[in-house]
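Below: one structure, written as structure tokens.
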Amino acid sequence: MKEEKIVVLGTGGTIAGRAASAADNIGYQAGEIPVSELLGDVPVPAGFAVEAVQVAQIDSKDMSDDVWRRLLQVTQRHLVRPDVHGLVVTHGTDTLEETAYLLQRVLNPAKPVVLVSAMRPATATLRDGPQNLADGLRLAATPGACGVVAVCAGRVHSALDVRKVHNHRFDAFDSGDAGPVAALEEGQLTLWRPWPQTPENFQPGLLDRLLAAAAWPRVEWITSHGGQSGAVVRALLLQNQAATENRPLRGLVVAGTGNGTLHADLLAALLEAKASGVEVWRTTRCANGRVIEGADCPIPATPLPPAKARLELMLRLL
Ligand code: SIN
């Protein structure tokens, strides 16, 4: 029987991190160990062969449009191969939820694309990376699986819902009120919800537009808090007026309090931003829940959490 392929794309992160001592779980450099080496002892599902491709080698806190652009391009190149059953992307935990959203929203893959991460570096004696990677391969080989998911500590999260919720625990991710898609325990998959479906706002051709754009629209994200003055927004607007600014601000996402409510002084500055042509969206800084739009605020609300909302607004402004 012909072997099917699982392509593993490496981008760095703690899962590829190296510390000076095997006892050190905190003082390490992320994005050091090649993805081919990470796969070393990890069991490959029967009937599958694995190909490793190093796309980037970064700490995901430093994720950039350039790395996202490359990842989208390489992911799509392997998705269209008839011999490829699914993909795994090794990634840092810090911006994983953003990459997951972008891949699902832009590529809407009919095959599984599984983001795999770890909370301890690859050099740690008690590391979590190999189990997560084995789970990632298992999911990428699963018949009928599709869309972008993240697997961590035995939980499978949809790209549309996943968020990092803990800075240290092995199960650092959560899907909020939606809950995980599945559990993966000792290789046993229990599916609780359908695999990620085509996002309502899916636009075929978006990948080509993103790859053709010289630069992606600049969107910043700020937060409403006690003692707000609106000074950050006004500084951004001043920068926009400067003749030297070659990447003007096109959009702002504001994480409001509670149901997306905004400090009065911040709201005044945001209305100035809107009047100057900057698209402004508001969401909530609460860890869970979605803003429910009322008639009380002139800034439109999005149900997405801030990190995903920033990417969505960027895509709308493309
Ligand atoms: C990163 O996001 O690259 C570093 C942190 C992590 O992977 O947990």
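Key figures
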| item | result |
| --- | --- |
| Meets criteria (acidic (Asp, Glu) and outside any loop (DSSP other than H, G, I, E, B)) for Glu312 | yes |
| Residue list for the range 143-162, restricted to those being part of a loop (DSSP other than H, G, I, E, B) and either of a type in the set (D, E, K, R) or touching a residue at least 12 places away in the same chain (Cβ under 8 Å) (or both) | Gly144, Ala145, Cys146, Ala153, Gly154, Ala159, Leu160, Asp161, Val162 |
| Qualifying position, being among the aliphatic types (A, V, I, L, M), in the same structural domain as Val42 (by TED's automatic domain parsing) and over 14 Å from Ala172 (Cβ atoms), among Leu115, Leu103, Leu96 | Leu103 |
| Single unsatisfied condition, Ser60 versus (1) more than 30 Å from Arg310 (Cβ to Cβ); (2) buried (at least 19 other Cβ atoms within 10 Å of the Cβ); (3) among the polar types (S, T, N, Q) | (1) |
| From Gly230, Gly277, Gly294, residue being surrounded by fewer than 19 Cβ atoms within 10 Å (Cβ to Cβ), farther than 23 Å from Glu200 by Cα and more than 19 Å from the chain's Cα centre (by Cα) | Gly277 |
| Qualifying residue in the range 125-135 (condition: aliphatic (A, V, I, L, M) and within 16 Å of the chain's Cα centre (by Cα)) | no |
| Extreme residue, farthest from Pro82 (Cα to Cα), among residues of the range 6-29 that are under 17 Å from the mean Cα position of the chain (by Cα) and within 13 Å of the ligand (Cβ to nearest atom) | Thr14 |
| Residue match in the range 128-145 (condition: closer than 30 Å to Arg316 by Cα, among the aliphatic types (A, V, I, L, M) and within 16 Å of the ligand (Cβ to nearest atom)) | no |
| Some residue of the range 140-148 being loosely packed, with under 14 Cβ neighbours inside 10 Å, over 29 Å from Gly40 (Cα atoms) and modelled with pLDDT of 95 or more | no |
| Leu39 under 25 Å from Ala124 (Cα atoms), crowded, with 16+ Cβ neighbours inside 10 Å and away from the ligand (no atom under 16 Å from the Cβ) | yes |
| Complete set of residues in the range 179-206 that are within 13 Å of Val151 (Cα to Cα) and touching a helix residue (DSSP H, G or I) at 6+ places or on another chain (Cβ under 9 Å) | Ala182, Leu184, Gly187, Leu189 |
| Members of the range 22-31 found to be in a loop (DSSP other than H, G, I, E, B) and touching a residue at least 40 places away in the same chain (Cβ under 8 Å), listed by number | Ala22, Ala23, Asp24, Asn25, Ala30, Gly31 |
| Set Thr223, Thr244, Thr198, Thr261: member being more than 23 Å from Pro305 (Cα to Cα) and of a type in the set (Ser, Thr, Tyr) | Thr244 |
| Among the candidates Val151, Val67, residue that is in contact with a Gly (Cβ under 7 Å, 6 or more places away or on another chain), under 21 Å from Val162 (Cα atoms) and among the β-branched types (Val, Ile, Thr) | Val151 |
| Whichever residue in the range 76-102 is within 15 Å of Ala140 (Cβ to Cβ) and crowded, with 24+ Cβ neighbours inside 10 Å and, among such residues, is nearest to the ligand (Cβ to nearest atom) | His91 |
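The values are calculated or read from the model by the stated rules, or taken from the named source; none is laboratory data. All values reported here derive from a predicted model rather than from experimental measurement. Note that we place each Cβ from the backbone using ideal geometry, even for glycine, and neighbour counts take in every protein chain shown.
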